Structures are given as structure tokens and as C-alpha cells.
Amino acid sequence: MEMSEASGLEGLYRAQGPRLWRALVAYSGDPEIASDAVAEAFAQALSRGEALDEPERWIWKVAFRVAAGALKDRPSELEPEHGFYEMPEEALVMAGFLRRLPAKQRAALVLHYYADMPNPRIAEILGITTATVRVHLSQGRRRLKHLLEDSDD
């Protein structure tokens, strides 16, 4: 890898790394999974070098897929630990609600509302169609609304 490629990825890491990490924490509810997914995505990008036409898009896609794989591998009864990273109470509550949504709905909501990505880009990251993204957003919003309303009772 040439020095300019490494510098480009370093700049991308500085610009997008924290935002990507926060999006993955919202998606997974687990700072450790988020950290591992960001690290793995950037490590894979470094190893691919010039083969990446659009590194930022590729890194987001890989990071979400790594996090999704980590969530599948984790026993369902295992709750994430937040002890080493202090999150505001509201963020912990919202992460708890998001965790109760199916993975694709949760990812679509995080990418749309937190990462401010358009539906075609979300579709690319999740490996689904744009129409399916719209369905996941609609169903996720509806489910999240019901969860929030039920918690008020």
C-alpha cells in the first residue's frame, strides 16, 4: 500500500470512525462489538488497498456486517455490558428499545436517522433493495412507537 492510501484511510478513520462507532453502538447496544467492527472494517480496507473504489461506503458496509455477525454469534441471553463506557441514560434506554427490533429494522433506523443516509445507500450497506429499506423503516418506526408507548404505561 502506498503512503497516500494509508493517509487517505487515516483521514477517513479520523472523519468517520467516531460517527461509525456511535452508529454501531446504537445498532448493537454493545460498545465492544462496535469497536471490534470498526477495527475489522478498517483493517480489511487497509489490506485491500487500491482495490476499493469508494472506501467510505465499503467500510460502513463491512462494519455493519461484522457487527451483525457478532450479534448472531452472541448467546441471546447475554446482555451487553456498558460499565466501561458511560452513556447518557437516554441513550441506554433507546439502545434497549432498539435491541428489541429485528436487526434489519434496527440497522435501517440507525443508518437513516443517526447516520443520515439516503435509502439507496442503506440498501447497499444492508444488501437489500431500496423498497425493502422503506418497509424496514416503516415497520421499525411503528414497532418503536409501540414500544415507547408501552413503556409510558
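Annotations
- Residue pairs whose Cβ atoms lie under 8 Å apart, separated by 6 or more positions or on different chains, with the first residue in region 93-111 and touching a residue at least 40 places away in the same chain (Cβ under 8 Å) and the second in a loop (DSSP other than H, G, I, E, B) and surrounded by fewer than 21 Cβ atoms within 10 Å (Cβ to Cβ), are ALA95/MET87; LEU111/MET117.
- Residue in region 139-152 that is hydroxyl-bearing (Ser, Thr, Tyr) and assigned to a helix (DSSP H, G or I) present: yes
- Options ALA91, ALA95, ALA6, ALA39; residue that is of a type in the set (A, V, I, L, M, F, W, C), surrounded by fewer than 16 Cβ atoms within 10 Å (Cβ to Cβ), at pLDDT below 85 and within 25 Å of ASP116 (Cβ to Cβ): ALA91
- Qualifying residue in region 51-69 (condition: modelled with pLDDT under 90, out of contact with any strand residue (DSSP E or B) (no Cβ under 6 Å at 6 or more places or on another chain) and in a helix (DSSP H, G or I)): yes
The values are calculated or read from the model by the stated rules, or taken from the named source; none is laboratory data. These numbers come from a predicted model, not from an experiment. Virtual Cβ from ideal backbone geometry, glycine too; neighbours counted across all protein chains shown.
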